[in-house]
Each structure stands twice: as structure tokens, then as C-alpha cells.
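**Q** Pasting a structure below so you can have a look.
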Amino acid sequence: MGREAESSLADFYFSDSDDPLIPPESFTRWAEEGAWAMAMYEPQMLGGVAPRMDIMRAGVTSRVVNLSSYNYLGLAMHPEVIEAATKALRDYGSGACGSPLLSGMSDLHKELEHKLAAFTGREDCIIFNSGFAGGMGTLAMTMQTANNHCQSQNMAAQHARMVDARIQDAVRKATASESFPGCVAFSETVGSYTYPDTLVIWRPTAAAVDSAGLPRVKELLVYCPDPNTSNCLLEIRDPNNNATVPALSSTSSWTTLLNSLKTGNTAQRTKLSTLLRVANAASSGAAKRRGCVRFNVSLIPSATQWASYRAGTTDWDELDWPLDIFGSESGQRQVLCQSELQYDGSSATPSSAQQTPVPHFGSATFVYPLAR
């Protein structure tokens with residue numbers, strides 16, 4: 001092996017001549033130097049394919065052991081195979097004289113595909129005219145499947161980034177007071193499981209009606225899975241509802257309010273994503289599909305600490321002020337909102353068995369003053 005091994009056909013893509021049929025001199029030299037290797041390809045078969053057979057290569061006849069054929073079972077020269085092929089030639093001629101895609105395939109080819117599928121226990125089968133064509137077809141489908149998978153993963157990631165940016169922006173611009181800390185995560189209990197999948201943010205479109213008290217319903221932004229379409233994430237606002245929201249201690253009133261926002265006729269519901277991963281939630285023995293969403297809101301000082309301070313059982317300077325930022329008249333409370341939204345990164349119809357989970361974690365924080 002000499003210098004010819006240092007190059008390949010890819011090194012001769014461009015020619016020195018305007019005539020595409022005239023190869024460059026370097027290619028001619030490379031072909032001459034590697035002629036001994038080229039002679040190993042496409043030998044002349046001097047008879048039917050068999051385990052031992054005669055071939056001619058570079059004008060020299062040799063008897064060889066055939067290790068390159070797909071005739072593993074030795075059926076190529078079997079009398080019954082030859083008779084069947086002869087009958088097919090009489091009935092169908094030399095073939096369709098064109099590609100199967102355009103000219104079609106004979107009923108013999110389709111019958112063979114059906115029998116091979118039944119024999120192997122598969123749904124269907126495709127036959128190729130050579131191992132090379134079969135390899136190319138398999139590789140093409142593998143690449144297409146991989147490409148579809150990557151596209152689905154990328155789409156899920158794009159949805160995640162867009163939704164996360166929208167929620168973070170709303171949290172950072174939230175209005176907060178002692179009665180309502182800007183954003184609150186609400187949970188639903190189903191059986192023995194708790195699902196904190198609803199986030200409520202005080203985000204008025206103009207100046208808040210009562211910035212020191214409780215928000216109006218129209219000033220709220222709600223993020224949650226669609227109760228009717230579990231793979232859909234909603235952003236909800238009721239712009240014409242001037243009612244004041246209930247106190248956070250009134251759990252049942254908040255449950256009623258959130259249910260009306262999620263399913264009522266007056267609220268505006270915007271679909272932010274239809275790629276939420278869904279899973280079954282056990283409910284009294286029945287399975288209910290839920291979007292995989294989780295919110296968590298942490299307060300420093302916490303609601304428990306603040307209630308203890310207001311009750312007189314905790315001193316002002318004993319509260320957990322972040323970075324000890326507090327004075328004699330007020331202190332800075334920190335609000336941290338964390339989210340986990342799982343998206344479906346598969347290209348299949350949403351189902352727990354086929355989905356490819358793509359989890360996305362986000363967080364946003366802000367501070368606001370609490371008066372002593």
C-alpha cells in the first residue's frame with residue numbers, strides 16, 4: 001500500500017478543466033497507483049453463485065471460496081427456485097423496467113412481503129433488491145426517526161423557555177402586600193396525593209385598586225393545566241371581575257374562585273403550550289389525566305413567622321429577614337417562586353406509555369416591604 005491510501009474520491013471534487021468529463025491529472029495518477037486495489041472489486045463470475053466457484057479478476061481465473069454472497073442457504077441454484085424464476089420470466093417478462101415507486105411492483109413481490117411479514121411475526125415487510133439498498137433504506141428511516149425525535153425535543157424546549165420567561169416576568173413585576181405576598185401556589189388533593197399545580201400572581205394591568213390590601217380578581221394572573229385538556233397549560237385572566245379576592249386563610253373560597261376561573265364563561269384563557277406531559281392520578285379507584293406541573297412559593301420571613309410576630313410571640317428583630325435587611329420601621333420580605341413543568345418531547349400522541357419527559361425548572365424572586 002502506497003500513497004494511494006492517502007487520498008479518496010472526496011479529494012477530487014473539483015477539476016482543473018471546464019469539461020466535467022476530463023478528470024484532473026492528480027486523479028489519474030491516484031487511479032493508476034491504486035489500480036491493484038480497484039481490481040479487487042467487481043470480479044467476473046464464471047457460473048452461478050455457489051460456496052465454491054470460479055471467478056476472473058484482472059484476466060486471471062481463480063477458484064475461490066465465496067464469503068461475500070448473501071446466498072447463505074444455497075438456494076440460488078436450487079432447481080425449484082430456478083423453475084419458479086423461469087415461470088416468473090415467462091409470465092412477467094424481465095420486470096417493471098422502472099423503479100417500484102413509479103412503475104410499481106408485481107403481485108409476486110407483494111405476496112413475498114406478506115409471507116415474510118407473517119413468517120417473522122411483523123406487521124409489514126419491505127423487500128429491497130440488494131443489501132446496499134436495504135441498508136440505505138434502514139439508515140434513512142433511522143435518521144428520519146432520530147430527526148423527528150430531535151425536532152420534538154427541541155419543540156418541547158422552546159415551549160419550556162417561552163412559558164418560563166412569561167411566568168418569571170409576571171412574578172418579578174407582581175404587586176405584593178402584607179395580606180397577599182404577590183404570588184401564591186394553590187394545591188388540589190386527590191386521594192392521598194397533593195398537586196400544587198396552580199399559581200396565582202397579583203399582576204394588575206394598571207395601578208392596583210388597593211395595593212396595601214387584597215387584589216381584585218381582574219388583577220390576577222393564573223397559571224395551571226387545563227382541567228379539560230390535561231396537556232394544555234393555561235394563562236387565565238378575568239378582566240371584568242371587580243370582586244375582591246378572599247383572604248388566603250379562606251381555602252374553600254379560593255377553591256370556588258379558582259374553579260370558576262378555570263371553567264367559567266367570563267375568564268380569558270390563553271393556551272401557552274399544548275405539550276405538557278400528562279400522567280394518571282388515582283381518584284377513588286378511577287384514573288384521571290393531569291398535566292405534570294408543580295409550583296412552590298417560599299416567603300422569608302415565612303407566613304408562620306409573620307403571624308407569630310403579629311400575635312406578639314416573636315420579636316421584630318427575631319424574624320428571618322433576608323440578608324438582615326430591616327430597620328426600625330420596615331423590613332424587606334423575599335418571595336421565591338419555583339416551577340417544575342414537564343413537557344412531552346415525543347412525536348407520538350400524548351400517552352403515559354409513549355411520552356418522553358422533558359422537565360424544565362424555573363425560578364423568580366422579588367422583595368417588597370413589610371411595615372412594622
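**Q** Along the range 171-176, what does the Karplus equation 6.51 cos²θ - 1.76 cosθ + 1.60 (θ = phi - 60°) give for ³J(HN,Hα), rounded to whole Hz, x for Gly and Pro?
**A** 5, 5, 9, 5, 8, 9
**Q** While we're looking at this one, here's another question. On full extension of the chain, what length is gained from Tyr41 through Gln168, given 0.36 nm per residue of separation minus the C-alpha to C-alpha distance?
**A** On the way: separation 127, 0.36 × 127 = 45.72 nm, distance 6.42 nm.
Contour length minus the Cα-Cα distance gives 39.3 nm.
**Q** Name the most mobile residue of Asn280, Asn241, Asn66, meaning the one with the largest mean-square fluctuation, in a Gaussian network model of the chain with Cα contacts below 10 Å.
**A** Looking only at Asn280, Asn241, Asn66, the biggest GNM fluctuation is shown by Asn66.
**Q** Who wins for biggest fluctuation among Glu235, Glu340, Glu123 in a Gaussian network model of the chain, springs between alpha carbons below 10 Å?
**A** Highest fluctuation among the options: Glu123.
**Q** Could you tell me how many degrees, from 0 to 90 and to the nearest 10, lie between the Cα long axis of helix 251-263 and the main elongation axis, the longest principal axis, of the Cα atoms of the chain?
**A** The answer is roughly 40 degrees.
**Q** May I ask for the longest run of the chain untouched by chymotrypsin sites (Phe, Trp or Tyr not before Pro) that are loop-located per DSSP and have at most 16 neighbouring C-beta atoms (other than their own) within 10 Å?
**A** Between the exposed loop sites, the longest stretch runs 129-372.
**Q** In degrees, nearest 10, range 0 to 90: what is the angle between the Cα axis of helix 79-92 and the longest Cα principal axis of the chain?
**A** Tilt relative to the chain: about 80 degrees.
**Q** So, one more: Among Gly93, Gly264, Gly312, which one moves the most in a GNM of the chain with springs linking Cα atoms closer than 10 Å?
**A** Gly93
**Q** Calculated from DSSP H runs of 4 or more alone, at -39500 (n - 2.57) each and per residue, what is the 222 nm mean residue ellipticity of the chain, nearest 500?
**A** Computed ellipticity for the chain at 222 nm equals -9500 deg cm²/dmol.
**Q** Using Cα-Cα distances under 8 Å and only pairs 6 or more residues apart, what relative contact order does the chain have, in percent?
**A** Relative contact order for the chain comes out at 11 percent.
**Q** Taking N as the number of residues in the range 86-127, what is its Cα Rg relative to 2.2 N^0.38 Å?
**A** Against the compact-globule rule of thumb, the ratio is 1.31.
**Q** How high is the FRET efficiency from Glu123 to Thr304, r the C-beta distance, R0 41 Å, rounded to 0.05?
**A** 0.10
**Q** Considering the Cα positions of the chain, please state its Rg to one decimal place and its Dmax as a whole number of Å.
**A** Reported Rg and Dmax, both Å: 36.3, 108.
**Q** How much FRET efficiency would the formula 1/(1 + (r/R0)^6) give for Gln158 and Asn228, where r is the Cβ-Cβ distance and R0 is 30 Å, rounded to 0.05?
**A** Details: r = 24 Å, r/R0 = 0.82.
That pair, Gln158 with Asn228, gives E of 0.75.
**Q** Place a label point 7 angstrom from the Cα of Val190 along the Cα-to-Cβ direction, then list the residues of the range 197-241 whose backbone nitrogen is under 14 Å away.
**A** In the range 197-241, the label zone of Val190 (backbone N under 14 Å from the point 7 Å along Cα→Cβ) covers 197-198, 225-232.
**Q** Kindly state, as a whole number, the per residue volume in cubic angstrom of the convex hull around the alpha carbon atoms of the range 95-243.
**A** Looking at the range 95-243, the number lands at 231 Å³ per residue.
**Q** If I take R0 = 22 Å and measure r between the Cβ atoms of Ser94 and Ala133 in this structure, what FRET efficiency does the formula 1/(1 + (r/R0)^6) give, to the nearest 0.05?
**A** 0.75
**Q** Across the chain, how many lysine pairs, 8 or more positions apart or on different chains, have C-alpha atoms separated by under 24 Å? Please give the number.
**A** So the count of such lysine pairs works out to 10.
**Q** Over the Cα atoms of the range 8-162, how large are the radius of gyration and the largest Cα-Cα distance (Dmax), in Å?
**A** 23.2, 70
**Q** How would you classify the range 156-371 from its alpha-carbon gyration tensor, with a ≥ b ≥ c the square roots of the eigenvalues: rounded for a/c under 1.5, else prolate if a/b is greater than b/c, otherwise oblate? Don't jump to the answer; show the numbers that get you there.
**A** Details: a/c = 1.87, a/b = 1.71, b/c = 1.09.
Taking the square roots of the gyration eigenvalues as a ≥ b ≥ c, the range 156-371 is prolate.
**Q** May I pose another question? Stretch Lys115-Thr270 to full length: gain in nm at 0.36 nm per residue minus the Cα-Cα span?
**A** Details: separation 155, 0.36 × 155 = 55.80 nm, distance 5.21 nm.
Separation in residues times 0.36 nm, less the Cα-Cα distance, equals 50.6 nm.
**Q** If you stretched the chain out fully between Ile82 and Thr61, how much longer would it get, using 0.36 nm times the residue separation minus the C-alpha to C-alpha distance?
**A** Going from the current span to full extension adds 5.0 nm.
Rule-based calculations on the coordinates, nothing more; no lab input. Since this is a predicted model, take the numbers as computed values, not measurements. For neighbour counting, all protein chains shown are included, and Cβ atoms are generated from backbone atoms with ideal geometry for every residue, glycine included.
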